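Here the structure is laid out as C-alpha cells; the discussion comes afterwards.
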Amino acid sequence: MEQGADSAAARRMARVASHLRPPTSQEEEEVAILKGSNCRAKGAAPGFKVAVLGASGGIGQPLSLLMKMNPLVSVLHLYDVVNTPGVTADISHMNTGAVVRGFLGQPQLESALTGMDLVIIPAGIPRKPGMTRDDLFNINAGIVRTLCGGIAKCCPNAIVNVISNPVNSTVPIAAEVFKKAGTYDPKRLLGVTTLDVVRANTFVGEVLGLDPRDVNVPVVGGHAGVTILPLLSQVNPPCSFTSEEISYLTSRIQNGGTEVVEAKAGAGSATLSMAYAAARFADACLRGLRGDAGIVECSYIASQVTELAFFASKVRLGRAGVEEVLPLGPLNEFERAGLEKAKGELAESIRKGVAFANK
Ligand SMILES: NC(=O)c1ccc[n+]([C@@H]2O[C@H](COP(=O)([O-])OP(=O)(O)OC[C@H]3O[C@@H](n4cnc5c(N)ncnc54)[C@H](O)[C@@H]3O)[C@@H](O)[C@H]2O)c1
C-alpha cells in the first residue's frame, strides 16, 4: 500500500519535473508525453504546440518569454545546443497557461519537435559590425538544414517560421530539405520579415506624427539591404511624402538592422525588437491555424508574384498556413526601380541557398 503511494508520488514528481528534463522512453509512457499522431494539444488547456529552436539566444529567450505569454499556446518546447535547462526553468515559473519543456542538444531534437503545430527558428549566429547578412551564410545554412531535417521527420505538417539569416537564402534551403524528404508544402514555410514592417511602421509613424500602431506599411522583396522594399505609396492610412522623406525612410528601413548592429558594437544584432516581431508573426500564424478570418502579414515565401521562386509580399494566413498571396498592387516609379534592384540580389541569394542544399 505504502509502496503504491510511493510510486504514485514518484510518478507525480516525474511529471512535474518533465518540463526541465525530457523523460526517458520508459518514463515517457508513464507520463503520457506528446505523441506525433496527437498533433493538436488536447486536454485541460486548449491551444497549439509551439517549438522555439535556438531558444537560449538573444532572440530566442525574449521570444520564448513572449510565446509563454500567448494564450493560444498550450505547450512550448525550448530547444538549443546550450543553456536550455536554465532558460526553461526560468520561463516555466511564469503563471501563464503554456506548459514549458526544455531540450538540450542534437540527441533531444526529435523529442523537441514531435507533435508541434508551429516551429520557430531563431538558431544561428548574428551579425557583428562590418558583416552583411550573407557573411553568416555558411554556419547558419548548415544549422537550418539540420533543424529542417528534424522537422521533416518529426512534425512534417507544422508551420515553420524561419528567422535565421540570411533569410533570403535560408528559406530556399529549408524548401530543398523538405522537397528531398517529400514533405514540402510551400504554404507552411514562411520567412520572417516582420521586423522590417515593424520598423517601417515606427519610422513612418515618427515622420507623420502618428501612433505607430495605427500605421501599416507593406514591405516586400526580401530581408537584406536593397531587397527590403517598403511600399511607401501604399501606406495605410493613405498619406503622401516628399522625395526627401521617401529617400530618408527607405534608407532607414533598409538599414535598420545595421543601425542596431553598430549601436550594439560587437554584442550582436537586433534581438528584442526581433523577438517582438517574431512573436507578432507567430501569433498571426496561430490565429490563422485557429481559423480566424482576415489575417494578413508580409512574409518571404515561395511565390509567383514575380519571376523569382521566393519573394516577400502580403499573404493571408489561415488553417493551411499561407492561403493567399496578395498582389503587389500599383508601384510608383521609385518603387519599380527598387524592385528591379531587389530582384537582382534576391535571385543570387536564392540560387546560393538551393546550391548549398543540393551540395
Ligand atoms: N529575420 C530577422 O529579421 C532577423 C533579425 C535579427 C536577427 N536574425 C537572425 O537570427 C539569428 C539568431 O540571432 P541571435 O541574435 O538570437 O543570435 P544568438 O547567437 O544570440 O543566439 C543564437 C542561438 O542559436 C543557438 N544555436 C546555434 N546552433 C544551433 C543549433 N544547431 N541548434 C539549435 N540552436 C543553435 C545558439 O546556441 C544560440 O543560443 C541570427 O541568424 C540572426 O542573424 C534575424
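The values are calculated or read from the model by the stated rules, or taken from the named source; none is laboratory data. Source: prediction; values computed, not measured. Positions of Cβ are backbone-derived with ideal geometry, glycine not excepted, and every protein chain shown enters the neighbour counts.
Here is how the numbers come out for the structure above:
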read-out: All positions within region 149-166 that are out of contact with any Cys (no Cβ under 8 Å at 6 or more places or on another chain) and either closer than 30 Å to residue 264 by Cα or within 10 Å of the ligand (Cβ to nearest atom) (or both); value: 150, 162, 163, 164, 165, 166
read-out: Filter result for residue 134 (charged (D, E, K, R), within 12 Å of the ligand (Cβ to nearest atom) and assigned by TED's automatic domain parsing to the domain that holds residue 51); value: yes
read-out: Cβ-Cβ under 8 Å pairs, at least 6 apart or on other chains, region 250-279 side without any contact (Cβ under 8 Å) to a residue 60 or more places away in the chain, far side among the small types (Gly, Ala, Ser) and more than 8 Å from the ligand (Cβ to nearest atom); value: 253/200; 254/225; 255/225; 260/273
read-out: Count of region 55-98 residues which are among the acidic types (Asp, Glu) and over 20 Å from residue 274 (Cα atoms); value: 1
read-out: Residue identified as crowded, with 20+ Cβ neighbours inside 10 Å and polar (S, T, N, Q) among 303, 269; value: 269
read-out: Region 248-261, residues that are of a type outside the set (A, V, I, L, M), surrounded by 15 or more Cβ atoms within 10 Å (Cβ to Cβ) and within 14 Å of the ligand (Cβ to nearest atom); value: 254, 255, 256, 257, 258
read-out: 1 or more residues of a type in the set (Val, Ile, Thr) and modelled with pLDDT under 95: qualifying helices (runs of 4 or more DSSP H) within region 130-223; value: 137-154
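Conditions (1) among the acidic types (Asp, Glu); (2) touching a Gly at 6+ places or on another chain (Cβ under 7 Å); (3) at pLDDT 95 or above, marked per residue:
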residue: 45; (1), (2), (3): no, yes, no
residue: 54; (1), (2), (3): no, yes, yes
residue: 74; (1), (2), (3): no, yes, yes
residue: 82; (1), (2), (3): no, no, yes
